[in-house]
Amino acid sequence: MLIEVLLRILTMIEQIYWNPVLETLPREQIRKLQLKKFKNIFQWTYDHSKFHRRLYDDAGLKPEDIRSFEDVARVPTVEKSMMRAIQGKEPFPYGDALCVPLDEVTVFRQTSGTTGQPVYQPDTWQDWEWWMECWSYILWAQGYRPRDRVFIPFGYNIFVAFWAGHYAAEKIGCEVIPGGVLDTKARILKIQELKATAMMGTPTYILGMAQTARMKMDIDPSQLTINKITCAGECGASIPSTKKRLEDAWNAKVYDHAGATEIGAWSFECTAQSGGMHVNEALFLVEIEDIVTGEIIEEPGRRGKMIITALDRQAQPCVRFDSKDVIEWADEPCACGRTSRLIKGGVVGRADDITKVKGVLLAPSAIEEVVRSVDGLADEYEVIVDKVGDAESIQLKVEILEEAQDQCQLIESELSDQLRLKTNLRYDIEICGCETLPRYEVKARRFKDLRKKNQ
Ligand SMILES: [Zn+2]
């Protein structure tokens, strides 16, 4: 009888969690596991990567020196520019951070190059299975089940993006439709024809799809059968007003996920939507570093940049990678029962993007939050920061919806008030006609800082 009850409880637990053991480990055991895995990956890179050995030798660190999290914090960080500097060299084209013979590499991907020359990323088949496993946690936590028919509107290419999401959806038993070379209209028709229930994409693209359906195809996307959407690639799905627009457009739950080519799929929002994203702490070690002092922040509510280690990735390891993502710990555990820590509000910005204008710190995501919360404005916007002489200015271009043209002045004044309230800055607002601003397929570049160019 007792066994039966236990089995029933276990079955229920298995329905909630992809990995019931790792996702509910008590905190102290998670930390123990992370430290053990960190020691292993440090030893692995020290033994197999000349790049890492040089870095650690220069810092006077040997594998036996890593005994605590304080020791972990002494391990030098790796920046994207360092990976760029070694690539193109032997073993070609990855350079000497490669920890396995070239023969074992089965996957080539590269970063999108948003911030410069792309970085190459090799993976072995074992690493690729690890990618799928990371994504299985994400999809299961967001309610994907074998009954789902998942549509992937992604141009399968050299970017890792939704490749691993595709394979993970298959792994957990979903039926997967690759929307590869289809254009946006054909993708929408396919979703309609096959009654797909879930899809993945960047917030920008998913919003753009809804607009195309409504304006060019006379299809109301909220009447289609999509009930959940996994967003990645940009912060949008964690920005409340953008999430609301996405959810209203598709009549679907929208979940955020953050990952990166050189890191892996490290975080996810779960169906409890407790206002943040889980860090998958069984597979990743996330540290938050104070941008000014370099101190590791343990307490909730203080923002810093993320230093991350992929604890199990082998071909080109990611050990204390300086991601430049700005995050903060949430103060409460999530209602879903997972014991992994939450980052509050997802990734709130990039350390590179947060900038001082007129002496005030400005995060571009704060502007997006305001623009998308104002009724009558379309989804697109553009921000241009400039400096003429000593005067700094922020120009904000927004698009007004056709049906709201007669309320132009009212909308402009609401936008201006909200921006002043939320960001403490004044903007030169330019109201443009619908569909006049640039559209983006992959990562949007809506924030332009011309001061850097002028220096
Ligand atoms: Zn949760």
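Worth pointing out:
- Packing-based ranking, highest mean first, of 359-365, 408-414 given that Cβ atoms within 10 Å are counted: 359-365, 408-414
- Every helix of 4 or more DSSP H residues in the chain counts as -39500 (n - 2.57), and over all residues that averages to -10000 deg cm²/dmol at 222 nm.
- Label sites at residue 429 and residue 2, each approximated as a point 7 angstrom past Cα along Cα to Cβ, lie 6.7 nm apart.
- Between the stretch 122-153 and the stretch 297-344, the alpha-carbon centres lie 20 Å apart.
- Length available on full extension from residue 16 to residue 220: 0.36 nm per residue minus the Cα-Cα distance, which gives 70.2 nm.
- Debye, to nearest 20: dipole size of the chain, +1 on Lys, Arg Cβ, -1 on Asp, Glu Cβ: 460
- Rounded Å value of the spacing that divides the Cα centres of the stretch 348-400 and the stretch 224-277: 22
- Distance in nm between pseudo-label sites at residue 31 and residue 445 (7 Å out along the Cβ direction from Cα): 4.3
- Once the Cα-Cα distance is subtracted from the 0.36 nm per residue extended length, the residue 50 to residue 405 segment shows a gain of 121.7 nm.
- Tensor-based shape of the chain (alpha-carbon gyration tensor, a/c under 1.5 rounded, otherwise prolate or oblate): oblate
- Axial C-alpha extent at least 18 Å, average Kyte-Doolittle at least 0.0 - helices from the chain (DSSP): 2-16
- Among the trypsin sites (Lys or Arg not before Pro) found in the stretch 337-366, those both in a DSSP coil and sparsely packed, with 15 or fewer other Cβ atoms within 10 Å of their Cβ, are 358.
- Inter-label distance, nm, simple model (7 Å from Cα along the C-beta direction), residue 195/residue 39: 5.5
- Modelled FRET efficiency - R0 56 Å, residue 9 with residue 388, Cβ distances, 0.05 increments: 0.25
- FRET efficiency, residue 291 to residue 108 (Cβ-Cβ, R0 35 Å, nearest 0.05): 0.60
- Length added when fully stretched, residue 67-residue 360, from 0.36 nm per residue minus Cα-Cα: 101.4 nm
- Charge tally for residue 37 (other residues, Cβ to Cβ under 12 Å; Lys, Arg +1; Asp, Glu -1): +3.
- Annotation: the antiparallel percentage among DSSP beta bridges lying fully within the chain is about 65.
Read-outs: derived from the displayed coordinates by stated rules, not from any lab. Note that the coordinates shown come from a computational prediction; the quantities given were computed from them, not determined experimentally. A quick note on method: Cβ atoms are made from the backbone with ideal geometry, for glycine too, and the neighbour counts reach across all protein chains shown.
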